[in-house]
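Have a look at the structure below before the remarks.
The values are calculated or read from the model by the stated rules, or taken from the named source; none is laboratory data. Model, not experiment: these values are computed from the prediction. Virtual Cβ from ideal backbone geometry, glycine too; neighbours counted across all protein chains shown. SASA here: full protein model, heavy atoms, side chains in, ligands and nucleic acids out. Shrake-Rupley method; radii C 1.70, N 1.55, O 1.52, S 1.80 Å.
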Amino acid sequence: RTDFYDTNTTGSAGVAARSFGIEARHALRRYLILTGGLTYTDQSYDGVSIDENEFRSSLGFEYFVDREWILFGRYEHIEYASSEPNGDWDSDDVRLGVRWRR
């Protein structure tokens, strides 16, 4: 996937972001689905020498309580690297929730 974004960086007309990823889903039971995925994104700024990349890994589940109610959870780890000083960071994100479908 390729996306183009505006930027407020002086001397740059925009950012081209290229993403590559894979995700797998597996039903352990009819009511329990596990997911796992990896994504790599490279962002190149036009006109300036800034390069940024991001690596995401995720694990998740969906538990179908019945036809309308779903419990879900997702863990995501992000590693962000930038050629800018102090631009690197890591993040861990956990989400738990309930979905109601009608």
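Over the chain, what is the relative contact order in percent, taking alpha-carbon pairs closer than 8 angstrom and at least six residues apart?
Relative contact order of the chain: 19 percent.
Note on the chain: with a GNM built from Cα contacts shorter than 10 Å, the maximum mean-square fluctuation among 28, 59, 38 falls on 28. Dividing the Cα radius of gyration of the chain by 2.2 N^0.38 Å, with N the residue count, gives 1.42. Annotation: the antiparallel percentage among DSSP beta bridges lying fully within the chain is about 100.
Remark: the chain carries 74 Å² of accessible area per residue (probe radius 1.4 Å; ligands, DNA and RNA excluded).
So, R0 is 41 Å and r is the distance between the beta-carbons of residue 46 and residue 89; what FRET efficiency does that work out to, to 0.05? Kindly include the intermediate steps, with their values, before the conclusion.
Values: r = 23 Å, r/R0 = 0.57.
Result of the calculation: an efficiency of 0.95.
Ordering 32, 14, 53 by Cα displacement along the dipole of the stretch 1-55 toward the positive end leaves 32 in first place; charges were set at the Cβ atoms of Lys, Arg (+1) and Asp, Glu (-1).
What a 1.4 Å probe finds exposed on the stretch 1-89 is 53% carbon and sulfur by accessible area, rounded to a whole percent.
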